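Chemist: The structure under discussion is supplied below as structure tokens; questions concerning it will follow.
Computed from the coordinates by the stated procedures, all read-outs in this text should not be read as laboratory data. All values derive from a computational prediction rather than experimental measurement. Please note: Cβ atoms are built from the backbone with ideal geometry, for glycine as well, and neighbour counts cover all protein chains shown.
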Amino acid sequence: MASRPSKRRRVTPPREDGHDSGPTDVTVQKAFFKSAANWNLEQAYESRTRKSKKKEAKKNSNEAGGRLPVKTAQGTWQVHDGADSVASDAEWLESEGDEGAIEEEPETVAPEEPKIPEREQIRKAQEELAKIATQLNEDPEEHPGAFKALARIGESPIPAVQKLCIVTQMTVYKDVIPGYRIRPASEDAAGEKLSKDVRRLRTYEQALVSGYQGYIKSLAQHASSPATRDRKRGPSVSTIAFTCACTLINAVPHFNFRGDLLRILVRKLSSRRLDDNFIKCRQALETLFQEDEEGNASMEAVSLITKMMKAREFRVDESVLNMFLHLRLLSEFVGKASQDRVSRPGDLANGKKAKAKKEFRTKRERKLLKQQKEADKVMAHADAAVSHEEREKMQSETLKMVFATYFRILKARTPHVMGAVLEGLARYAHLINQDFFGDLLEALKDLIRDSERPETEVDGETNDDEEDDELSVVRDSSREALLCTVTAFALLHGQDAHNARSDLHLDLSFFITNLYRSLLSLSVNPDLELGAKSLHLADPTDPSSGNPADRRDNKINLQTTTVLLMRCLSGVLLPPWNIRSVPPLRLAAFTKQLMSVALQTPEKSCQAVLGLLHDVVHTHGRKISALWNTEERKGDGTFKPLAETVEGTNPFTTTVWEGELLRKHYCPKVREELKAMEKELKGI
């Protein structure tokens, strides 16, 4: 009986091609045992990630499915595993040898979120902003958290979304802000018991104040960013921020954080570069001054403006100073002020108020009067109304700050804003304390002496904060002298005639003489009928003139030189405070000189001069009628039109012969004005 052959077992699965593995498996095993001596299994196990080990074990168990090896027809054992199982022991051994490399692989990185197109983000932001704004518009107290939701949308890096957000916030706050100022929560009593409705209202108010504060901070941040305009994207975020700040300061000036809004505008006004944002901020503050009935907002704005100008050493545009001419106190305030003191009509000479006479009242009447005052105070507080005394106090403080700024500039003699200061003093002359007139007139005299120096001086002041070149200030000396004269005569205009004559003792002869000596030079001035802001054509034959349209005549400057001249002449020849006291020599000298000036001036200026002379003839006809009659001369010698003083011209030794030439003037209105004046003379 034949013996049964011994059974051989194959541990290694067959090769993929179906053939038995040859000596290759033996070679692999030998190489494996040879390299195993160099393995550090403990270190590999120590550095191996536990989580990945568990996952790998779980994966292997799932792939194997817990199945046992199966014997094939060739007598070999094979494990039925998935497609990803190890093909052979050799590969498994090789993978075991590379465990250290597997452990050094980085952890799995989460897949990046798909990028949403910018246009889609803008559309979603529009929908979200519209939804939140509608909720706040319908019932804001039910959605106190919507203010923070609006602010979160504005944190987007897309400029278009930022613009939409700040404009939406401005519209929402403009609609929901109440007509009163919300006090901080810290002012509430700690143990105060509140009803449900009151607690709900205070929660909403604190959310509103908190959101509004964050919104103003974001406006300040956007406003400080550079304003770069893109034609495709429209105005910059900075421009939109200035627009929102200007709208809020005019719409809700009574609400919290008004000072922060004003700082945004004043910071822009500190620049000497006049762009659209600068003009927008200036117009917003002018509107605030005109519409502020309480005076508190105007006082705060003037305080910030004066501090800014002082810190900048008055290196600002003159239009910033001209904003003071829009204050309501210019027409409402009835007291007198200087840079450090305010006196009212009821005050005594030392500034103290006169004691009112005591009126006898019974104890019951005093008690009723006290209760009435308390009730009136509560009602005024409830109506958010400011009493007359409080408004007058705020206006007096504002007036002191304005005068202090004007006097500092006069002392520093900053050339490019001197015209604005003189115009401001002329407009505020009726509010200047009479005790300060002497010092002010001396300062004006010094300015006229300085104006006789060379007309162009280089302003060496540079703006460190901006990339502006050094600007040359073109000084118009004749205009500055006229402004000083207007200011000097305006000081007496509106004052009490008795005080002006007996108490003040002001000598204005210096200004009168300077005006007379400047008449001839003014008559040949080509810019006589143009304002300082008017455009001038460049002289092509003068290489040193440059482009006069680009020069900065930083003077005040809605009135032409002719208008300023007429104001000065009216103050000299027709003073409203004492019209009958003008000496005949002064009247005759100015009349003769003005008739000579009328021959040289342009058409409209000639009409203005003849109209003024018509009024002089109507008022002082008997004093100057001898100038038109050669047989009524009252003096000897010759006429000296270039004399140093008005009285030294000897005007009654000459006659007015210029009228014969003006009869043939090309303008019919000039001829008509001359006939009317001569008709007035014949009626004397």
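Chemist: Between residue 213 and residue 574, with labels modelled 7 Å along Cα→Cβ, what's the label distance in nm to one decimal, could you check?
Modeler: With each label point 7 Å from Cα toward Cβ, the separation is 6.0 nm.
Chemist: With a 10 Å radius around each residue's Cβ, average the other Cβ atoms per peptide and rank 141-148, 609-616, highest first.
Modeler: The most tightly packed comes first, giving 609-616, 141-148.
Chemist: With label points built 7 Å along Cα→Cβ from the Cα atoms of residue 449 and residue 527, find their separation and express it in nm.
Modeler: Here the answer is 2.6 nm between the modelled labels.
Chemist: Further question: What are the ³J(HN,Hα) values, in whole Hz, obtained from phi via the Karplus relation 6.51 cos²θ - 1.76 cosθ + 1.60 with θ = phi - 60°, for each residue of the stretch 420-427 in sequence order, with x given for Gly and Pro?
Modeler: So the Karplus estimates, Gly and Pro as x, are 5, 5, 5, 5, x, 5, 5, 6 Hz.
Chemist: OK, next. With the cut-off at 18 Å, tell me which of the pairs 604/664; 163/217; 623/682; 174/377; 370/393 have Cα atoms farther apart than that. Before the final figure, lay out each step's value.
Modeler: Values: 604/664 16 Å; 163/217 15 Å; 623/682 14 Å; 174/377 29 Å; 370/393 23 Å.
Table pairs above 18 Å Cα-Cα are 174/377; 370/393.
Chemist: Which residues in the stretch 167-184 place their backbone N less than 18 Å from a point set 7 Å from the Cα of residue 139 along the Cα-to-Cβ direction?
Modeler: 176
Chemist: Next question. Hey, can you grab everything whose amide H is under 5 Å from the amide H of residue 432? Only 5+ residues off in sequence or another chain; H modelled, so Pro and N-termini drop out.
Modeler: Under 5 Å from the amide H of residue 432: 337.
Chemist: May I ask you to evaluate 6.51 cos²θ - 1.76 cosθ + 1.60, the Karplus curve with θ = phi - 60°, for each residue of the stretch 126-139 and list the ³J(HN,Hα) values in order in whole Hz, giving x for glycine and proline?
Modeler: Values, residue by residue: 4, 5, 5, 5, 5, 5, 5, 5, 5, 4, 5, 6, 6, 8 Hz.
Chemist: Further question: Hey, if you drop one equal point scatterer on each alpha-carbon of the stretch 582-684 and run the Debye formula without solvent, what base-10 log of I(q)/I(0) do you get at q = 0.13 Å⁻¹?
Modeler: Those come out to -0.43, one per q.
Chemist: Kindly rank 298-307, 520-529 from highest to lowest mean number of other beta carbons found within 10 Å of each residue.
Modeler: So the peptides 298-307, 520-529, ranked by packing, come out 298-307, 520-529.
Chemist: Can you figure out the FRET efficiency of residue 251 with residue 520, using R₀ = 45 Å and their beta-carbon distance, to the nearest 0.05? Don't jump to the answer; show the numbers that get you there.
Modeler: Working: r = 54 Å, r/R0 = 1.21.
About 0.25, to the nearest 0.05.
Chemist: Next question, about the same structure. Quote the FRET efficiency, to the nearest 0.05, computed for residue 643 versus residue 435 with a Förster distance R0 of 45 Å and r equal to the Cβ-Cβ distance.
Modeler: Once rounded, the FRET efficiency stands at 0.80.
Chemist: What ³J(HN,Hα) values, in whole Hz, does the Karplus curve 6.51 cos²θ - 1.76 cosθ + 1.60 give for the stretch 662-672 when θ = phi - 60°, with x put for Gly and Pro?
Modeler: 5, 5, 9, 5, 5, 8, x, 5, 5, 5, 5
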